[in-house]
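A.B. asks: Quick one: structure below, then a few questions.
The values are calculated or read from the model by the stated rules, or taken from the named source; none is laboratory data. Given the structure is predicted, the values throughout are model-derived calculations rather than measurements. Here the Cβ is made from the backbone with ideal geometry for all residues, glycine too, and neighbour counts use every protein chain on show.
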């Protein structure tokens with residue numbers, strides 16, 4: 001049974017039932033819990049000015065906001081951050097990418113490919129600030145952890161996601177950075 005636009009609000013693993021947002025209880029034989037993820041927000045002063053890219057409306061809002069005159073600061077040089085940087089440069093914006101690691105995508109692709117991505121973006125005019133972090137976001141700039149101030153009309157963060165495990169935790173499932181499973185998965 002597929003129910004679009006319905007949110008599960010509770011799981012009773014002993015009774016093999018889920019409760020949905022309309023208050024209805026549905027019985028199940030086997031349950032696959034695929035909870036998804038939520039963006040990791042920046043935790044710095046001024047973070048309420050940050051844009052994230054997770055949904056189509058957020059994508060459209062960024063596309064509308066980025067022009068050739070826009071100074072964009074992207075926090076995070078992973079897939080999302082680099083895609084935003086490339087798209088913004090494609091619109092003629094000035095782009096600075098801030099990354100705590102020594103190379104873009106190094107953690108997932110390694111140093112050799114990370115260096116290729118770094119050069120690719122530099123060749124397209126992106127200012128990469130590696131091994132750097134954000135200390136504060138102001139109205140028209142960001143302050144890096146080393147005190148450097150960078151002009152910013154728009155700040156976009158792509159610093160990762162976290163699994164949304166609240167439903168699993170409330171159901172009493174073991175959680176540690178995700179739902180813990182073994183080769184046979186939990187018997188829900």
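A.B. asks: Only one of (1) under 30 Å from residue 11 (Cα atoms); (2) crowded, with 16+ Cβ neighbours inside 10 Å fails for residue 126. Which number is that?
C.D. replies: Residue 126 satisfies every listed condition except (1).
A.B. asks: Here are some residues: 53, 82, 33. Which one is surrounded by 13 or more Cβ atoms within 10 Å (Cβ to Cβ), out of contact with any strand residue (DSSP E or B) (no Cβ under 6 Å at 6 or more places or on another chain) and closer than 24 Å to residue 169 by Cβ?
C.D. replies: Details: 53 fails: closer than 24 Å to residue 169 by Cβ; 82 fails: closer than 24 Å to residue 169 by Cβ.
Unique residue meeting the criteria: 33.
A.B. asks: Given the structure, is residue 96 surrounded by 14 or more Cβ atoms within 10 Å (Cβ to Cβ), within 30 Å of residue 33 (Cβ to Cβ) and either in contact (Cβ under 8 Å) with a residue 12 or more places away in the chain or in contact with a strand residue (DSSP E or B) (Cβ under 9 Å, 6 or more places away or on another chain) (or both)?
C.D. replies: Details: surrounded by 14 or more Cβ atoms within 10 Å (Cβ to Cβ): yes; within 30 Å of residue 33 (Cβ to Cβ): no; either in contact (Cβ under 8 Å) with a residue 12 or more places away in the chain or in contact with a strand residue (DSSP E or B) (Cβ under 9 Å, 6 or more places away or on another chain) (or both): yes.
Answer is no for this residue.
A.B. asks: Another one. Could you check, for the stretch 168-188, whether at least one of its residues is closer than 22 Å to residue 53 by Cα and without any contact (Cβ under 8 Å) to a residue 12 or more places away in the chain?
C.D. replies: The answer is no, given that none of the residues of the stretch 168-188 is closer than 22 Å to residue 53 by Cα and without any contact (Cβ under 8 Å) to a residue 12 or more places away in the chain.
A quick yes/no check of all residues on (1) at pLDDT below 95; (2) assigned to a loop (DSSP other than H, G, I, E, B); (3) under 18 Å from residue 155 (Cβ atoms):
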position	(1), (2), (3)
32	yes, yes, no
58	yes, no, yes
74	no, no, yes
82	no, no, yes
96	no, no, yes
103	no, yes, no
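A.B. asks: Consider residue 118 against the criteria (1) part of a helix (DSSP H, G or I); (2) within 19 Å of the chain's Cα centre (by Cα); (3) buried (at least 16 other Cβ atoms within 10 Å of the Cβ); (4) without any contact (Cβ under 8 Å) to a residue 60 or more places away in the chain: it satisfies all of them except one. Which criterion is unmet?
C.D. replies: With respect to (1) part of a helix (DSSP H, G or I); (2) within 19 Å of the chain's Cα centre (by Cα); (3) buried (at least 16 other Cβ atoms within 10 Å of the Cβ); (4) without any contact (Cβ under 8 Å) to a residue 60 or more places away in the chain, residue 118 is out only on (2).
A.B. asks: Does the stretch 178-187 contain any residue that is in contact with a strand residue (DSSP E or B) (Cβ under 9 Å, 6 or more places away or on another chain), surrounded by 14 or more Cβ atoms within 10 Å (Cβ to Cβ) and closer than 16 Å to residue 75 by Cα?
C.D. replies: Within the stretch 178-187 (the criterion being in contact with a strand residue (DSSP E or B) (Cβ under 9 Å, 6 or more places away or on another chain), surrounded by 14 or more Cβ atoms within 10 Å (Cβ to Cβ) and closer than 16 Å to residue 75 by Cα), the answer is no, since none of the residues qualifies.
A.B. asks: Among 47, 61, 88, which is the only one that is without any contact (Cβ under 8 Å) to a residue 12 or more places away in the chain and more than 24 Å from residue 178 (Cβ to Cβ)?
C.D. replies: Working: 47 fails: without any contact (Cβ under 8 Å) to a residue 12 or more places away in the chain; 88 fails: without any contact (Cβ under 8 Å) to a residue 12 or more places away in the chain.
Exactly one residue qualifies, and that residue is 61.
A.B. asks: Let me ask another. Residues being part of a loop (DSSP other than H, G, I, E, B), surrounded by fewer than 13 Cβ atoms within 10 Å (Cβ to Cβ) and touching a strand residue (DSSP E or B) at 6+ places or on another chain (Cβ under 7 Å): count how many of those fall in the stretch 21-30. Break it down stepwise before answering.
C.D. replies: Let us first name the residues in the stretch 21-30 that are part of a loop (DSSP other than H, G, I, E, B), namely 21-24, 28-30.
Still in the list and also surrounded by fewer than 13 Cβ atoms within 10 Å (Cβ to Cβ): 21-24, 29-30.
If we keep only those that are touching a strand residue (DSSP E or B) at 6+ places or on another chain (Cβ under 7 Å) too, we end up with 21.
Final tally of qualifying residues: 1.
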